[in-house]
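Heads up, the thing below is written out as structure tokens.
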Amino acid sequence: REFKEEYKTLCKARDKRLHLYPGMSDLEYTDYIKRMFPTQSDYSLYMKYLFRGGYVHANAVFAGADPVPVHMRDITSHYPARMNLSYCPRTPFKRCAWDPSLINTKCCIIHAVFTDIRATTSHSIESKNKLLSYFCVRFDNGRVFSGKQIEVILTELDFQIYQLFYTWKKREVLDFYTAERGKFPPFVLKVLNRKYKEKNRLKRAGLGKSQKYAIVKAGVNTCYGALVKRIRLIRHIYDTTLNDWTEDPVEVDFEEEKTKQLLCPFHGIWVTAAARYELLTVLYRLTRAGVIVYYMDTDSMKYAPSHKAERIFQHYNNAIKRHRIKRGLRDPEFYDLGEFDIEEKNKDGTPKTVLFKSLGAKRYLYAVDDEIIATVAGMPKMSIKALGDTQEHIFNSFSLCGFALTPDESNKLTTRYVDDYSNAMIDGVLMEEQSSVALYQIPFKLTVKDEYRAFIQERSNIECCL
């Protein structure tokens, strides 16, 4: 809604430079978005295979190993930074002959087959879910470590990531499309930056835990969410007979839906590609400098303490500052937008060394002073204390053998919906409901797949519970 309001305001502005492109009217912009959209079949293909989310992965060489000392950094407002500082396609894509020199100047869609591909570092980048087809592939917890052949669709940014993190014997480009580069639409950036500045003003005023701050922060996140909003083409239905989810095509007039859109799918595809590119190019520089990186998660990394690492981060932050100034983001609220910040700091502002251990993506814990902080998908954070009475005991129990927690230990809740009539007397008042929902505790169990444990053992020589 706010995008539409800001867009209409810019359309009415006398200064045509405020429009998406000079002199573009409301009707012209609607026609422009229709032309930018791919066909319905290509839309389904691109949103499934060209669009990729954040990079989340653990270094398998150290997965399950004893706790290691790490420093932790994350990128301040990674997606808002990329929306302001990166580019997206500004013209419809056109098919052309493969020309590798164009990846440096154009937005590109590359449909390619790689033969005898292998990771160049201990970090596996490509997700199994983004492979159109593959043959004889070795997976590192769902990501491609090596393979006889894989078929993928890449942006030029993802192709450049491939050039850093993979080597191959043969690459065949089956299809190649290019478009001109441009900035993200100004009505998007105006709404985003207005909310971002308000968020930072509240934070600096000491209101970072207030309800107003939470609402404004959610608004900032929604600006990115709007870029990746999809036209619903598939309905997912739970079949109680099959005890599984099924897919049901939605009857939708795709051509009509395009006329309702303010943004095209390529805006979301390219902002996420830019976010991965920024994070992974820094990962590559660290790896080349001999710095061990243990874990990555969308906009953050855990790495071995090193003077080389601090110099690399400082060099990156300086480059981002120059880029912000060039883009006109000079207000105090933008002072650290897109920079790597220290997650855990000492009193003097230097990185605090913490003990870290991981068992794979979204499965890690670290100790800060006397506190254990856990991130385990599906498990409440406080449940980790059930693994032991001391930090050493908890770290030892958090192993590749897995663990199980009872309902009382896990504190994990699930829901049960009851469609029957029920009543209860509460403080002398009869409360009646035609339906209700119950929250109750359930156990939690962490397991590590045999395939991943075997891969870890091969890469690190750690004794696994096979």
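The values are calculated or read from the model by the stated rules, or taken from the named source; none is laboratory data. Remember, predicted model here, so these are calculated numbers, not experimental data. Cβ coordinates were reconstructed from backbone atoms using ideal geometry, including for glycine residues, and neighbour counts include every protein chain displayed. Ligands, DNA and RNA are stripped out before the accessible areas are found, and what is left, the full protein with its side chains, is counted by its heavy atoms. Shrake-Rupley method; radii C 1.70, N 1.55, O 1.52, S 1.80 Å.
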Filter segment 219-237 down to residues that are closer than 23 Å to ARG82 by Cβ and open to solvent by 50 Å² or more (accessible area, probe 1.4 Å), then give me how many there are. 4
For segment 293-339, how many residues meet the condition of being in contact with a strand residue (DSSP E or B) (Cβ under 7 Å, 6 or more places away or on another chain), assigned to a helix (DSSP H, G or I), touching a residue at least 24 places away in the same chain (Cβ under 8 Å) and under 22 Å from MET83 (Cα atoms)? 2
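Within the bounds of segment 347-363, is there any residue that is among the basic types (Lys, Arg) and at positive phi?
Among the residues of segment 347-363, at least one is among the basic types (Lys, Arg) and at positive phi, which makes the answer yes.
For (1) part of a loop (DSSP other than H, G, I, E, B); (2) surrounded by fewer than 19 Cβ atoms within 10 Å (Cβ to Cβ), each residue gets a yes or a no:
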position	(1), (2)
GLU198	no, yes
LEU207	yes, yes
LYS212	no, yes
VAL216	no, no
GLU247	no, yes
Looking only at segment 405-456, how many residues end up being open to solvent by less than 60 Å² (accessible area, probe 1.4 Å) and either within 30 Å of ALA63 (Cα to Cα) or modelled with pLDDT of 90 or more (or both)? 14
Those residues of segment 113-162 that are within 21 Å of ALA361 (Cβ to Cβ), charged (D, E, K, R) and assigned to a helix (DSSP H, G or I) come to a total of 3
Hits in segment 363-390 - residues which are open to solvent by 50 Å² or more (accessible area, probe 1.4 Å) and not in a loop (DSSP other than H, G, I, E, B): ARG363, GLU371, LYS381, MET382, LYS385
Pairs please, first residue from segment 116-140 and in contact (Cβ under 8 Å) with a residue 40 or more places away in the chain and more than 19 Å from LYS449 (Cα to Cα), second anywhere and open to solvent by 50 Å² or more (accessible area, probe 1.4 Å) and among the hydroxyl-bearing types (Ser, Thr, Tyr), Cβ atoms under 8 Å, 6+ apart in sequence or on different chains. ILE117/THR167; ARG118/THR167; THR120/THR167; THR121/TYR284
Take segment 40-58 and flag every residue that is touching a residue at least 40 places away in the same chain (Cβ under 8 Å), over 16 Å from VAL152 (Cβ atoms) and more than 17 Å from the chain's Cα centre (by Cα). GLN40, TYR43, SER44
Is it the case that segment 166-180 has a residue that's part of a loop (DSSP other than H, G, I, E, B), farther than 30 Å from PHE114 by Cβ and not polar (S, T, N, Q)? no
When you check THR240 against the structure, is it on the phi < 0 side of the Ramachandran plot, polar (S, T, N, Q) and either loosely packed, with under 11 Cβ neighbours inside 10 Å or in contact with a Cys (Cβ under 9 Å, 6 or more places away or on another chain) (or both), yes or no? yes
